[in-house]
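**Q** What follows is a structure written as structure tokens; I'll ask about it next.
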Amino acid sequence: MRIAVLGNAAALHTRRWARALAARGAIVRLFSLEAPPEEDDAVRLDEVRLAAWPWPRAIRYPSARGALLRALDAFAPDVVEAHFVPNYGFLAALAGRRPLVVHAWGSDLLRSPARSPLHAARARFALARADLVVVDARVLAAAATALGVPAARLLVAPWGADLTRFALAPPAAEPHVVSLRQLEPLYDVACLIDALPAVRAAVPALRVTVAGDGPLRGALEQRACSRGVAACVRFVGRVPHAALPALLAGAQAVVSCARSDSTSISLLEAMAAGATPIVADVPGNREWVDDGAEGRLFPPGDHAALAAALVATLVDPAFRAAARARARRRVEEQGDFARAVDGVRARYDGLLAHGAAA
């Protein structure tokens, strides 16, 4: 099977997905307007950089239609899949190649269509032309359904964690808390910083690693200083994916304050590795964490509630032991990356068989 993957070549998850398809015998070519990362030590991908005018995003992706059509003619794929609805999903729909599979990632359906009638129309246009829409959470499936995708063309397949890499680590000995989200407004890492004075007062040995980068980094570092917690917080920037298992193995808890989420892959990786999740109470997180079972939930933006949840977790090793066992089991049963890839690939086989029969 020849699969054309349209997506951001600089995005880790795009590359991970393309490699997983290739590892299962598919001939995969990645088409992208973005340049791949300079340092990429994994198996090299077959890639095509699409030419487009340096216009605003809303125009830049559609402007690549001609270049994409020529590149697809040269590759002759059996299946075209596009990742992220407003840009590559829309571009693939304009190209008109079938069968088309559109992968939604989260904010492309949970937030973008609500920005304006034009954004909603663009999402409907892309989804209506897809033979299959793949989403990674039930909350995302509901959003796709609201935009007109029938159940027969919808597949819920959480991308999940690589359980061979994120093994269940021995319990961490120190009160180490990790944040893995980007330093952007959506992920509200400021809520974590605001919670830390109360946590540190109850847990003096507290250590926090903020692994991620973004435009708010400077402001968050200043916030940590003004809250008096700079001594216990390290901002380490983007951590290579290969280093995440070791980082999570040394953490008692992982925190996500995201205001909106579908299935967070970093959440599932943390659950697989044994770091107890303390996450904002949004629908995507509730699909994986039952409050008081796999971890704890807190109202989005409520730093006092986050502090209380963190303290209760860090001072209770019995709770952490029970939670980490439940969390690992849940990811094994519902969030195994290998199983997700196999399931999607099987649907591709079905699309091609259906097309041959038609």
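**Q** Assess whether Ala272 counts as being surrounded by fewer than 17 Cβ atoms within 10 Å (Cβ to Cβ), over 19 Å from Val199 (Cα atoms) and outside the structural domain of Glu38 (by TED's automatic domain parsing). If you could, list the steps in order and put the result at the bottom.
**A** On the way: surrounded by fewer than 17 Cβ atoms within 10 Å (Cβ to Cβ): no; over 19 Å from Val199 (Cα atoms): yes; outside the structural domain of Glu38 (by TED's automatic domain parsing): yes.
So Ala272 fails the test.
**Q** Quick one: is Ile59 of a type in the set (A, V, I, L, M, F, W, C), at pLDDT below 95 and more than 21 Å from Val135 (Cα to Cα)?
**A** Answer is yes for this residue.
**Q** Picking from Leu21, Leu45, which residue would you name as being modelled with pLDDT of 95 or more and not acidic (Asp, Glu)?
**A** Leu21
**Q** Checking Ala242 against (1) within 21 Å of Arg328 (Cα to Cα); (2) touching a strand residue (DSSP E or B) at 6+ places or on another chain (Cβ under 6 Å): exactly one of these is not met. Which one?
**A** Answer for Ala242: the failing condition is (2).
The values are calculated or read from the model by the stated rules, or taken from the named source; none is laboratory data. Computed from a predicted model, the values in this text were never measured in an experiment. A quick note on method: Cβ atoms are made from the backbone with ideal geometry, for glycine too, and the neighbour counts reach across all protein chains shown.
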